1. Taking 45 Å as R0, compute the FRET efficiency from the Cβ-Cβ separation of ARG203 and LEU179 and round it to 0.05.
2. Could you put HIS198, HIS243 in order, starting from the residue whose Cβ has the fewest other Cβ atoms within 10 Å?
3. Using θ = phi - 60° and the Karplus relation 6.51 cos²θ - 1.76 cosθ + 1.60, list the HN-Hα couplings for the range 111-123 in order, rounded to whole Hz, with x at every Gly or Pro.
4. Between ILE157 and residues 5 or more places away or on another chain, which pairs have amide H atoms under 5 Å apart, with H built 1.01 Å from N, and which residues are they?
5. Among GLU125, GLU117, GLU163, GLU211, which comes first, second and so on when ranked by fewest other beta-carbon atoms within 10 Å?
6. Strictly greater than 22 Å: what percent of every Cα pair in the range 49-145 meets that?
7. How do THR100, THR196 rank when sorted from fewest to most other Cβ atoms within 10 Å of their own Cβ?
8. Per-residue ellipticity at 222 nm for the chain, helices alone: DSSP H runs ≥ 4 residues times -39500 (n - 2.57), over residue total, nearest 500 deg cm²/dmol?
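Every number here is computed from the coordinates shown, using simple stated rules; none is lab data. On a predicted model such as this, the values are computed, not experimentally measured, just so you know. Glycine gets a Cβ as well: all are built from the backbone with ideal geometry, and neighbour counts include every protein chain shown.
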Amino acid sequence: MEAHENLGPNGPAQTTIYAIANQKGGVGKTTTAVNLAACVAEAGYKTLLIDIDPQANATVGLGHSKTENHTIYEVLVGDSTLEQATLSTNITNLSIVPSTPDLAGANVELPRIAGSEFILREALEPLRGEYRFIFFDCPPSLGPLTINALAAADRVIVPVQTEYYALEGLADLLDTVGLIQKELNPRLTIGGLVMTMHDGRTRLATDVEDELRKHFPGLLFNSVIPRNVRVAEAPSFGKPVTHHDPHSAGAGAYFELAKEVALRG
């Protein structure tokens, strides 16, 4: 990816942890996590992406296997540390903690462990200060895995597809964030809503954008991720779209989003 002078490291080395979450599937959550992490990493920020979705799509999307020896599952059950599970990627400054389909079992196992909501938070403590940004790619649910990520995060970014059902479930997610703030993590805030799979040629997409801006003023990022074939096909090459086709509309949109995120710290 080409260097861009408007996005780069500055200020003190302070870690900010983002959870990329939406309980609705198919909204571009993993695509946003992978490309946002890649963009800020290539701008010079040391970045870690933690794949906490049993589908392991972020893991595969960055060129790794779903069958790595050390994964986030081993971290959650106490058989490994985050440092042991961290792998390098082909992206400068970007590392990943991979996932595995075995992680689905954690949805049953975690509730049996006292204080399990804080496992990720405690596991991350040794890494605070080592990375400038840490991103969680959460599963499309509000179960124990997402709760763990929200309890460890500083902010949550919500990808919202610009379609008819865009608002469906969004209020529930924001209510859950409010509950996490109250019960588990007072520092958690909404980092923003990002519109994904946007087709500006349709009246529907424009209407949904208007509704989102009306209902959630101040929360929407200015950057809008377009519906773009290069974004959709990049994971099959094990690359973010910024490497698959850095000059595509999708790559440009994710870079603009990364600038917004970096400016917010």
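1. 0.80
2. HIS243, HIS198
3. Each residue of the range 111-123 in turn: x, 7, 9, 4, x, 5, 4, 9, 4, 5, 4, 5, 5 Hz.
4. ALA19, ILE20, ALA21, GLY191
5. GLU125, GLU211, GLU163, GLU117
6. 22 percent
7. THR100, THR196
8. So the calculated ellipticity at 222 nm is -10000 deg cm²/dmol.
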